[in-house]
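Asks: Just passing along the structure, written as structure tokens.
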Amino acid sequence: MNPFEKLVGRQQTFPEVDVTQGRSIAYSRSTTRRLMELIDANAHGNVHGGVIMRMVDEAAAIVAIKHSQNPTVVTARVEAFDFLAPAYIGNVVSINCEMNYVGRTSMEVGVEVMAEDLITGDVRHIASSYVIYVALDANRKPTPVPPLVPADDMEKAIIERARKRRMQRQKIMEELKQIDEQS
């Protein structure tokens, strides 16, 4: 069997997910790490921003897949991707991700990117982002996901901040739609 056929076949069968059973932030939290090599860098020895962005999208998708128990999640939006400092060849880049908010079919994953110099032990916060995913069913239509239930006061605060961001984002989108309709 062609390996691509196997992948396509695997994506066709979706597990039954109990969308009434909530999950905490800790349930799907994840860290992905990778050593930055020559192929990842530009002529100045800095890691390309696009390499970091791809790592972020892949790492955050792991959180969305685990939370939703759905193998098909798609990136709907990358919100506020802030590069704070460069990563260099030889650094280990760690992508720390956690679920911040869950709507009916969408999920916001918060991302913190760190770079570690293995020789000096220096660890730097180099980027942050919010990535929004939508879970899809076998027909590639948005499908419900389990709710996000806070396990403690800290998780409750994270969810509340994300809820406010979502409301602000929706308000901006509505305003843009109105402007577009007027023109």
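Quick note: the coordinates plus some simple rules give every number you see, no bench work behind them. Fair warning: this is a prediction, and the values are worked out from it, not measured in the lab. Neighbour counts are summed over all protein chains in view; Cβ atoms, including those assigned to glycine, are modelled from backbone coordinates with ideal geometry.
Asks: In degrees from 0 to 90, rounded to the nearest 10, what is the angle of the helix 3-12 Cα long axis to the longest principal axis of the chain?
Replies: 40 degrees
Asks: So, one more: Round to the nearest 10 and give me the degree value, 0 to 90, for the angle of helix 153-182's Cα axis relative to the longest principal axis of the chain.
Replies: 70 degrees
Asks: Out of the GluC sites (Glu not before Pro) in segment 32-127, which ones are loop residues according to DSSP with at most 14 other C-beta atoms within 10 Å?
Replies: E37
Asks: Calculated from DSSP H runs of 4 or more alone, at -39500 (n - 2.57) each and per residue, what is the 222 nm mean residue ellipticity of the chain, nearest 500?
Replies: The helix contribution divided over the chain gives -11500 deg cm²/dmol.
Asks: Please give me, ordered by residue number, the trypsin sites (Lys or Arg not before Pro) of segment 107-183 that lie in loop per DSSP and have at most 13 other Cβ atoms within 10 Å.
Replies: Answer in residue order: R140.
Asks: Expressed as an acute angle from 0 to 90° and rounded to the nearest 10, what is the orientation of the C-alpha long axis of helix 49-68 relative to the principal long axis of the chain?
Replies: 40 degrees
Asks: Sticking with this one: Mind checking which of Y88, Y133, Y101 has the largest fluctuation in a GNM of the chain, springs on alpha carbons under 10 Å?
Replies: The residue that fluctuates most here is Y88.
Asks: Something else about it: Within a 10 angstrom radius of the beta carbon, how do L84, L136 rank from fewest other beta carbons to most?
Replies: If I rank by nearby Cβ atoms, fewest first, I get L84, L136.
Asks: So what is the diffusion coefficient of segment 36-139 in µm² per second by Stokes-Einstein at 4 °C and 1.567 mPa s, using a Kirkwood Rh over Cα pairs?
Replies: My calculation gives 90 µm²/s for D.
Asks: Then there is this: Find the relative contact order for the chain and round it to a whole percent, using C-alpha pairs within less than 8 Å whose residues are 6+ positions apart.
Replies: RCO, the chain: 25 percent.
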